[in-house]
1. Got a sec? Which of Gly94, Gly79 is closer than 19 Å to Phe131 by Cβ and assigned to a loop (DSSP other than H, G, I, E, B)?
2. Of the numbered conditions (1) farther than 16 Å from Gln9 by Cα; (2) open to solvent by less than 30 Å² (accessible area, probe 1.4 Å), Arg100 satisfies every one except a single condition; which is it?
3. Return the residues of the stretch 102-136 that are acidic (Asp, Glu), within 19 Å of the chain's Cα centre (by Cα) and not in a loop (DSSP other than H, G, I, E, B); say none if nothing qualifies.
4. From the list Glu51, Glu109, which residue is over 26 Å from Ile5 (Cα atoms), open to solvent by 90 Å² or more (accessible area, probe 1.4 Å) and at pLDDT 95 or above?
5. Condition first: out of contact with any Phe, Trp or Tyr (no Cβ under 9 Å at 6 or more places or on another chain) and either part of a strand (DSSP E or B) or closer than 14 Å to Phe87 by Cα (or both). Now tell me which residues in the stretch 31-41 satisfy that.
6. Please list, ordered by first then second residue, the pairs with beta carbon atoms under 6 Å, 6 or more apart or interchain, first in the stretch 26-47 and exposed (fewer than 15 other Cβ atoms within 10 Å of the Cβ), second charged (D, E, K, R).
7. If you take the residues in the stretch 85-94 that are out of contact with any Gly (no Cβ under 9 Å at 6 or more places or on another chain) and free of Cβ contacts under 8 Å to residues at least 60 places away in the same chain, which one is surrounded by the most Cβ atoms within 10 Å (Cβ to Cβ)?
8. With (1) within 30 Å of Lys97 (Cβ to Cβ); (2) touching a helix residue (DSSP H, G or I) at 6+ places or on another chain (Cβ under 7 Å); (3) open to solvent by less than 40 Å² (accessible area, probe 1.4 Å) as the list, and Met81 as the residue in question, which single condition is left unmet?
Amino acid sequence: MFNAITHSQIYVLDQDEALDFYVGTLGLEVGADVDLGFMRWLTVSVPGHPERQILLERPGPPAMSEETAQQVRELVAKGAMGGSLIFSTDDCHGTYKTLRDRGVEFTEEPTERPYGIDCGLRDPFGNSIRFTQPKT
């Protein structure tokens with residue numbers, strides 16, 4: 001049957017702003033940035049791991065009608081779409097400091113958990129992002 005997850009998707013309201021945040025601020029790398037005519041296929045991935053990409057998709061046709069897309073954009077703007085990403089890091093405190101120094105606003109500072117240390121933030125569109133330093 002299946003042997004990998006290759007792509008995940010989150011909605012963003014502005015793909016250029018998303019590119020700046022995910023690549024310029026978080027340090028991910030562009031996997032693909034292709035104008036398909038009917039949509040822009042924009043993916044990012046953790047550096048050195050192109051086998052798992054995140055599609056930064058702007059709600060709209062052809063996947064949905066313009067009316068539905070507008071409703072989705074309103075939900076995204078409220079942070080109510082439930083998009084979520086979880087990354088791992090070798091140094092949660094160090095990553096937190098680096099991103100805080102880059103102006104990222106956090107929803108939760110690094111916290112000890114039974115599984116390791118993690119913290120939370122939201123992207124400019126309201127999607128939840130966490131990163132975790134797993135217990136060794």
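The values are calculated or read from the model by the stated rules, or taken from the named source; none is laboratory data. It should be emphasised that the depicted structure is a prediction, and the values quoted were computed from it without experimental measurement. No Cβ is skipped: glycine too gets one built from the backbone with ideal geometry, and neighbour counts run over all protein chains shown. We work out accessible area using only protein heavy atoms, side chains counted, and drop any ligands, DNA or RNA first. Shrake-Rupley method; radii C 1.70, N 1.55, O 1.52, S 1.80 Å.
1. Checking each option against the conditions leaves just Gly79.
2. (2)
3. If the condition is that a residue be acidic (Asp, Glu), within 19 Å of the chain's Cα centre (by Cα) and not in a loop (DSSP other than H, G, I, E, B), then Glu108, Glu109, Asp118 are the ones that fit.
4. Criteria check complete, one pass: Glu109.
5. Once the filter is applied, which keeps residues that are out of contact with any Phe, Trp or Tyr (no Cβ under 9 Å at 6 or more places or on another chain) and either part of a strand (DSSP E or B) or closer than 14 Å to Phe87 by Cα (or both), the stretch 31-41 yields Gly31, Arg40, Trp41.
6. As it stands, the answer is Pro47/Glu29, since those pairs meet every condition given.
7. Per the criteria, the residue is Thr89.
8. Of the numbered conditions (1) within 30 Å of Lys97 (Cβ to Cβ); (2) touching a helix residue (DSSP H, G or I) at 6+ places or on another chain (Cβ under 7 Å); (3) open to solvent by less than 40 Å² (accessible area, probe 1.4 Å), the odd one out for Met81 is (3).
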